[in-house]
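All remarks here apply to the structure that follows.
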Amino acid sequence: IAMEKPVIPTEDQLEILEYHFCKVNKHPDPTTLCLIAAETGLSEEQTLKWFKQRLAEWRKSEGLPSESGSVRD
């Protein structure tokens, strides 16, 4: 099984991703995720992976555990 290379979004894609993460929702539902993926031109899987990584970074910066399913922001 080949490991999927991490996707490095372009600046335009990053801008869209960051906007949604900061202003719209840190936990996009499947429909929103699909729309964000379409807007950025990334796959839904890549978009979801980016949100997960970004959320882990955000949690670390807020001094929260990186994985916590029970606490919603």
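The values are calculated or read from the model by the stated rules, or taken from the named source; none is laboratory data. Quick caveat: nothing in here was measured; it's all calculated off a predicted structure. Glycine gets a Cβ as well: all are built from the backbone with ideal geometry, and neighbour counts include every protein chain shown. Side chains included, ligands, DNA and RNA excluded: accessible areas come from the protein's heavy atoms. Shrake-Rupley method; radii C 1.70, N 1.55, O 1.52, S 1.80 Å.
Each row is one residue, and each column tells you yes or no for (1) at pLDDT below 95; (2) assigned to a loop (DSSP other than H, G, I, E, B); (3) touching a Gly at 6+ places or on another chain (Cβ under 9 Å); (4) open to solvent by 100 Å² or more (accessible area, probe 1.4 Å).
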{"site": "Lys5", "(1), (2), (3), (4)": "yes, yes, no, yes"}
{"site": "Arg59", "(1), (2), (3), (4)": "yes, no, no, no"}
{"site": "Glu67", "(1), (2), (3), (4)": "yes, yes, no, yes"}
{"site": "Val71", "(1), (2), (3), (4)": "yes, yes, no, no"}
Return yes or no: is Ser43 free of Cβ contacts under 8 Å to residues at least 12 places away in the same chain and under 15 Å from Thr10 (Cα atoms)?
-> yes
Does at least one position in the stretch 14-35 carry a residue that is surrounded by 11 or more Cβ atoms within 10 Å (Cβ to Cβ), part of a loop (DSSP other than H, G, I, E, B), at pLDDT below 85 and in contact with a Phe, Trp or Tyr (Cβ under 9 Å, 6 or more places away or on another chain)?
-> no
Quick one: in the stretch 36-48, which of the residues that are small (Gly, Ala, Ser) and assigned to a helix (DSSP H, G or I) is nearest to Ser61 (Cα to Cα)?
-> Ala37
